């Protein structure tokens with residue numbers, strides 16, 4: 001079955017997003033401690049996904065889901081300000097999740 005031009009555009013966008021994602025993740029690991037960067041890099045995904053779903057596709061978010069996002073956000077803030085990593089590493093952690101989501 002032939003591939004449509006639109007799917008090629010999305011495929012190319014995904015490749016570019018992955019390159020940017022990898023570059024920011026590696027830079028975050030280079031700047032910050034693994035014990036700081038890894039949890040943040042993995043913990044930001046649910047927060048960004050929930051916010052994007054709410055904004056872009058008008059997803060209904062329940063109270064339990066909102067409390068979960070708040071708990072994750074608080075955990076990230078606590079990790080960021082305990083002094084286990086630099087603010088620059090925090091920026092790379094958060095930005096690499098945005099690129100992975102195609103922003």
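The values are calculated or read from the model by the stated rules, or taken from the named source; none is laboratory data. Nothing here was measured: the structure is a model prediction, and the numbers come from that model. Neighbour counts are summed over all protein chains in view; Cβ atoms, including those assigned to glycine, are modelled from backbone coordinates with ideal geometry.
Assorted remarks:
- Condition met for residue 74 (within 18 Å of the chain's Cα centre (by Cα), at pLDDT 75 or above and either surrounded by fewer than 11 Cβ atoms within 10 Å (Cβ to Cβ) or on the phi > 0 side of the Ramachandran plot (or both)): yes
- In the range 38-65, the residues that are without any contact (Cβ under 8 Å) to a residue 12 or more places away in the chain form Cβ pairs under 7 Å with partners that are surrounded by 14 or more Cβ atoms within 10 Å (Cβ to Cβ) and assigned to a helix (DSSP H, G or I), at six or more places apart or across chains, as follows: 59/53; 61/50; 61/54.
- Scope the range 5-52; condition closer than 23 Å to residue 66 by Cα and outside any helix (DSSP H, G or I); matching residues: none
- Looking only at residues of the range 53-68 that are assigned to a helix (DSSP H, G or I) and surrounded by fewer than 14 Cβ atoms within 10 Å (Cβ to Cβ), we find that the one that is modelled with the lowest pLDDT is 56.
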